[in-house]
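Structure first, commentary second.
The values are calculated or read from the model by the stated rules, or taken from the named source; none is laboratory data. Quantities reported herein were computed from a predicted structural model and do not represent experimental measurements. Using ideal geometry, Cβ is built from the backbone for each residue, glycine included, and neighbour counts are taken over all protein chains shown.
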Amino acid sequence: MLNRIFISLVTLLIGTANLFAQDVQFTAQSKAVAAVGETFTLIYTLNAQGGNFRGPNIQGIDMLSGPNTSTSSSIRMVNGSTSMSITYTYTYLLQATREGTFTIPAATVSVNGKQYSSNSLSIKVIKNSGSSGAQNQGTANQNHGTGSSGAGVTGNSNDVYVKAFASNSSPLQGEGIVITYKIFTKVPIAQINISKLSSFSGFWSQNLMKENDKLQQTTQVIDGEQYVVADIRKIALFPLKSGRLVIDPLELACVAQVRRQTKTRTGDPFFDDFFNDSFFNSGVANVEKTLKSNPVIISVRPLPEEGKPADFSGAVGNFTLHAEIDKTRLKTNEAVTLKCTISGRGNIQLIDKLNLTFPPDFETYDPKVISDVQTTASGISGNQVFEYLMIPRKPGKFTIKPVTFSYFDLEKKRYISLSSPEFSLEVEKGAGEPGAVMTYSGANKEEIKYIGSDIRHIKVDGINLKIAGSRFFASIGFWLLLVIPLLFFLLFLVLWRKLAARRSDTVLMKNLRATKIARKRLQKAEEFQKSGRQDDFYIAISQSLWGYLSDKFSIPLAELSVESVHEALILKNVNETIISQFIETLSNTEFARFAPGEKTVNMERIYNEALEIISKMERELR
Amino acid sequence: MKTMKSYIFSLLLFLATLTMYATVQRDNIVKGNKAYSAGSYSMAVEQYKKVVGAGYESPELYYNIGNSYFKLNDYANAILWYERAKRIDPGNEDVDFNLNVANTKISDKIEPLPELFYKRWFNAVIQLFSVDSWATISIIMFITGLLCGVLYLASRVLILRKLGFWFGLGILFIAGLTMVFAWSGYSFTRNTNEAIVFAPTITVKSSPDEKSTDLFVIHEGTKVRLLDNISGWYEIRIANGSVGWLPATSLEKI
């Protein structure tokens, strides 16, 4: 903008000097042949001060910018005569978009009120054949020189580009590779700003360059042209899976500093100095460009399955394992630290855990992992330290099984297993813990820890084989066992009923016949009395009395005694006087045999007594 | 009379050969146990299956077969044989334990429908003993009850008569109850058709037709109840109550 103002100023200043009648020349210049996608310039040159420029109506070719007007003038004083030349240029930036031959019609300009037309141009657009690996899609390469000498200046798509290089395009899984992004430029560039970095999916990545590193520049000649080359990103990659992995292109934005010939040459050293001074002449255009690198295809080879250890967890490189324990004799509740160090080169930061089993009674914590890793341009090396803190809670002798670690050695092309020595620990009862008391308090008791689960063991003994489908329930045996006891019970019931009935019958009979029998025996006794057989008489009397009681009250003869008779009669609610009279009669019968006096009189009296008491009893019981 | 004699004779002969055969089978079991202990589980299955093939059954034998299949990681077969063992001896703690372990290994975790509490209790009581044990208890109780009745009738001593009456009544009641338990267990094993899914993954259909709607997917080892059977298809119900149809070839009856 400033340029323009000064140009106008200069034009005003020298306008009056423009008195010379000159041949006005108004020409158009451009490329005769252009490729599709190529940008190029169309320049109209006027050797006079012109105005009212009318640009061409271009069909088939995109107009990116223009017209940009610039002026250069020179005043010459030769032998006192002053001559002045002035040049106006109108510049278009064009881009060919499709194949074919296109005509750029004439442009018009007016000089001193007179119209001038330029020549028309014909441009042939051909297919783009030479696409470079670096997909340089710069659309605004404005490093064209403007000015009178700028014939045939075109934008060059190879002025600046970014390319990605992989150190190894077919690594093993886990083998580190380095991918380097380089920028190639012919023009000065500034403000490199990475707008999109690949996500590196399928890789574990580690940036090898610090964010604020100064870019190391080198120069390199490619196809005869000198380029400034700088590494802009360097990344170590460790493939996490095998197969074909694609690294997406990197995209960056930068500002290319393009020199523009906008110097207004006056021919005067003073003027030149004045206008070409840095303040006035910022002849550098800042063009923002977006660059995209090429995608990189990495085919990752899988690690061999052969000889792969069970504890292999993906470490590839070259490592050493060192394990140490800080003490081997300790007291309960004291902490002990097992320190395992893995050092070497390779994907060391991917090692996140070690294969370690502790005695089950130990209290253990997650390991503290300290990594000390150097990332250099050549890869990653360093060491990873795992600190395991353990606290034994019970006294005893314990062993910590060896720590094992395996990796794939890239040089030897095989798996290598490392193992630490076995550590044995002797844990004594801690002083602060009065063991005996503690065990009774129950505070020391622990829940049973279940380490695994499995089914219970097979049955070996007591297998009771039966014929399939056979069942006791509802079988014949079952029903028989149910029915037979029932039948027995019913049989018993019937028999018992009958027996009871018969027995009750005999009692009744005896009861009814008791008096009869007693009387019969008394009659017998009377006969014995008449015939004078004293002993038989008393036996008959006694029999008749006892027998009467026995039958009447269904008491077996064997159980009869004076006492039992008394009880039995009371139970039958017999009058007390009758009971005592009966018992008196019984005892009289016993005594009368041996009593003094007339035997016939005694027999007569006992007979009457017995007859009387039986009759009385008979009446009483009725 | 002659036929009766020959009948008894053939019965005796049958029993004798049976016991001889049983000792052969016992040898097979011992061989199976040895193979199991040695870790050759497929051999153990083979030996045990010989005994089953000869027409014998035993909850312990089925349990051992289940264990062998479990060790072979064939969980569907393991579940099948544990379930078969459970059929014969419902209250066996070891069978239940291993069945639970095996059920944790299969893909389908089906939330069973909650049963009504009294049903659950009733089932728990029934499962205390096997059907035959309940039947035996019932028979013993019945006979004891009858003896108490005899005591009641025959005794002259008042106390004994009273004891006989009330005890007899109580024991006969228990006999009846245990008979009901035995009968319930018996009818359950008789009338309940259950099966284990043997297809690794199978879609349950809405009707017995390959073209019908897919309802849900179940996996190997899941227990289903069979409700109906139409031309090579079973209507099934899974533990959460969902119902659908499966081809008979994908199932193995317990």
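The lone criterion from (1) more than 30 Å from B:Arg156 (Cα to Cα); (2) crowded, with 16+ Cβ neighbours inside 10 Å; (3) at pLDDT below 75 left unmet by A:Asn588 is number (3). Residues in region A:460-482 that are more than 7 Å from chain B (Cβ to nearest Cβ) and under 21 Å from B:Thr178 (Cβ atoms): A:Ser470, A:Ser475, A:Ile476, A:Gly477, A:Trp479, A:Leu480. Every residue in region A:561-579 that is exposed (fewer than 12 other Cβ atoms within 10 Å of the Cβ) and of a type in the set (Gly, Ala, Ser), please. Matches in region A:561-579: A:Ser561 only. Here B:Val217 fulfils each of the conditions (1) in contact (Cβ under 8 Å) with a residue 24 or more places away in the chain; (2) under 24 Å from B:Leu99 (Cα atoms) apart from (1).
Pull up region B:152-186, narrow it to residues that are of a type in the set (A, V, I, L, M) and crowded, with 18+ Cβ neighbours inside 10 Å, then point me to the one that is farthest from the other protein chains (Cβ to nearest Cβ). Top of the filtered list is B:Ile171. In this structure, A:Val336 does satisfy being crowded, with 19+ Cβ neighbours inside 10 Å, in contact with a Lys or Arg (Cβ under 7 Å, 6 or more places away or on another chain) and in contact (Cβ under 8 Å) with a residue 40 or more places away in the chain. Test A:Ser72 against the criterion of being over 15 Å from A:Phe40 (Cβ atoms) and in a strand (DSSP E or B), and give yes or no. Criteria met by A:Ser72. The condition of being of a type in the set (Gly, Ala, Ser), modelled with pLDDT of 55 or more, surrounded by 12 or more Cβ atoms within 10 Å (Cβ to Cβ) and within 28 Å of A:Ile179 (Cβ to Cβ) holds for only one of A:Ala315, A:Ala323, A:Ala285, that being A:Ala315. Scanning region A:360-388 for residues that are assigned to a strand (DSSP E or B), surrounded by 15 or more Cβ atoms within 10 Å (Cβ to Cβ) and not β-branched (Val, Ile, Thr) gives A:Phe362, A:Gly379, A:Ser381, A:Gly382, A:Asn383, A:Gln384, A:Phe386, A:Glu387, A:Tyr388.
Of the residues making up region B:26-50, those that are facing chain A (nearest Cβ under 7 Å) and crowded, with 22+ Cβ neighbours inside 10 Å are B:Ile29, B:Tyr36.
Here A:Arg497 does not qualify as touching a Gly at 6+ places or on another chain (Cβ under 9 Å) and either in a helix (DSSP H, G or I) or within 14 Å of chain B (Cβ to nearest Cβ) (or both).
A single entry from B:Val51, B:Val24, B:Val45 fulfils the requirement of being within 24 Å of the chain's Cα centre (by Cα), of a type in the set (A, V, I, L, M) and either closer than 14 Å to A:Ala468 by Cβ or modelled with pLDDT under 90 (or both): B:Val51.
Restricting region A:1-36 to residues that are part of a loop (DSSP other than H, G, I, E, B) and surrounded by 17 or more Cβ atoms within 10 Å (Cβ to Cβ) leaves a set whose member that is modelled with the lowest pLDDT is A:Lys31. The residues listed here are B:Phe188, B:Phe181, B:Phe167, B:Phe129; of these, the one that is in a helix (DSSP H, G or I) and at pLDDT below 90 is B:Phe188.
Being within 9 Å of another protein chain (Cβ to nearest Cβ), out of contact with any Pro (no Cβ under 8 Å at 6 or more places or on another chain) and of a type outside the set (Val, Ile, Thr) holds for only one residue in B:Asn103, B:Asn98, and it is B:Asn98. Within region A:237-268, being at pLDDT 85 or above and in a strand (DSSP E or B) holds for A:Leu237, A:Phe238, A:Pro239, A:Gly243, A:Arg244, A:Leu245, A:Val246, A:Ile247, A:Glu251. Of the listed requirements (1) over 30 Å from B:Pro59 (Cα atoms); (2) buried (at least 18 other Cβ atoms within 10 Å of the Cβ); (3) at pLDDT below 90; (4) not polar (S, T, N, Q), B:Cys148 misses just one: (3). Scan region B:60-90 for residues that are within 12 Å of chain A (Cβ to nearest Cβ), of a type outside the set (D, E, K, R) and under 18 Å from B:Glu194 (Cα atoms) and jot them down. Result: B:Tyr62, B:Tyr63, B:Gly66, B:Tyr75, B:Ala78, B:Ile79, B:Trp81, B:Tyr82, B:Ala85, B:Ile88.
Conditions tested, residue by residue: (1) surrounded by 11 or more Cβ atoms within 10 Å (Cβ to Cβ); (2) more than 14 Å from chain B (Cβ to nearest Cβ); (3) modelled with pLDDT of 80 or more; (4) in contact with a helix residue (DSSP H, G or I) (Cβ under 9 Å, 6 or more places away or on another chain).
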{"position": "A:Leu490", "(1), (2), (3), (4)": "yes, no, yes, no"}
{"position": "A:Leu493", "(1), (2), (3), (4)": "yes, no, yes, yes"}
{"position": "A:Lys510", "(1), (2), (3), (4)": "yes, yes, no, yes"}
{"position": "A:Arg521", "(1), (2), (3), (4)": "yes, yes, yes, yes"}
{"position": "A:Glu527", "(1), (2), (3), (4)": "yes, yes, yes, yes"}
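Does region A:186-204 include one or more residues that are at pLDDT 85 or above, in a loop (DSSP other than H, G, I, E, B) and polar (S, T, N, Q)? Checked against the condition, which is being at pLDDT 85 or above, in a loop (DSSP other than H, G, I, E, B) and polar (S, T, N, Q), region A:186-204 yields no hits at all. B:Ile110 meets all of the listed conditions (1) touching a Gly at 6+ places or on another chain (Cβ under 6 Å); (2) in contact (Cβ under 8 Å) with a residue 40 or more places away in the chain; (3) in a loop (DSSP other than H, G, I, E, B); (4) of a type in the set (A, V, I, L, M, F, W, C) but one, namely (1). All told, B:Asn92 meets the bar of being farther than 17 Å from B:Ile238 by Cβ, among the polar types (S, T, N, Q) and at pLDDT below 90. Would you be able to say whether some residue in region A:269-277 is modelled with pLDDT under 50, more than 28 Å from A:Ala236 (Cβ to Cβ), in the same structural domain as A:Val160 (by TED's automatic domain parsing) and part of a loop (DSSP other than H, G, I, E, B)? Yes, region A:269-277 contains at least one residue that is modelled with pLDDT under 50, more than 28 Å from A:Ala236 (Cβ to Cβ), in the same structural domain as A:Val160 (by TED's automatic domain parsing) and part of a loop (DSSP other than H, G, I, E, B). Looking across B:Phe97, B:Phe173, B:Phe122, one residue alone is among the aromatic types (Phe, Trp, Tyr), in a helix (DSSP H, G or I) and in contact (Cβ under 8 Å) with a residue 12 or more places away in the chain. It is B:Phe122.
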